[in-house]
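Please find one structure pasted underneath; my questions will follow.
Laboratory data are not the source of any read-out in this text; all were calculated from the coordinates shown. All of these numbers come straight from a predicted model, not from anything done at the bench. Reconstructed Cβ throughout: ideal geometry from the backbone, glycine too, with neighbour counts over all protein chains shown.
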Amino acid sequence: MQGELDASTHQILGVNEAGRESGNDSITDGRDLPWLQDTQKANVWADWGVTYRDVVVLDADGEVVGVYNLTDNDIGESERYDELLDLILSAG
């Protein structure tokens, strides 16, 4: 999906839940997805109300404009993939 977004200003990155740092090496091994680590102080997951496997879509000002859960929506299905892509592209 990032390849489809490369022509735009949109970027996909991961944010790992605070306290789950031990998995960072395995989740990033062999991947080029930018990966950030939440902290207890920043507490982004709580601020955004994140559920495991949520894609949180932000606008240009960093405001949440949508959430798309990958457990509930298998983006291996083209319809779901297109829904997520449209949500990201509509964020502006």
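Over the Cα atoms, compute the radius of gyration (one decimal) and Dmax (the largest Cα-Cα distance, rounded to a whole number) for the chain, in Å.
When restricted to Cα atoms, the chain yields Rg and Dmax of 13.5, 38 Å.
Got the relative contact order for the chain handy, in percent, Cα pairs under 8 Å and 6 or more residues apart? Before the final figure, lay out each step's value.
On the way: 88 pairs, mean separation 19.8, N = 92.
About 22 percent, as a whole number.
Here's something else I'd like to know. HN-Hα J couplings of the range 29-43 from phi, Karplus 6.51/-1.76/1.60, θ = phi - 60°, integer Hz, Gly and Pro as x?
Each residue's phi maps through the Karplus curve to give 4, x, 10, 10, 5, x, 10, 10, 10, 5, 10, 4, 5, 6, 6 Hz.
How big is the dipole moment of the range 2-89 about its Cα centre under a simple scheme where the beta carbon of each Lys and Arg is +1, that of each Asp and Glu is -1, and everything else is neutral? Debye, nearest 20, please. Kindly include the intermediate steps, with their values, before the conclusion.
Working: 5 positive and 20 negative charges, 76 e Å.
In total the dipole reaches around 360 debye.
Compute the helix-to-body angle for 78-89: its Cα long axis versus the longest principal axis of the chain, expressed 0 to 90° and rounded to tens.
80
Next up: For residue 16, which sequence-distant residues (separation of 5 or more, or a different chain) have an amide H within less than 5 Å of its own amide H, given hydrogens modelled in the peptide plane?
Hits under the 5 Å cutoff: 36, 37, 38.
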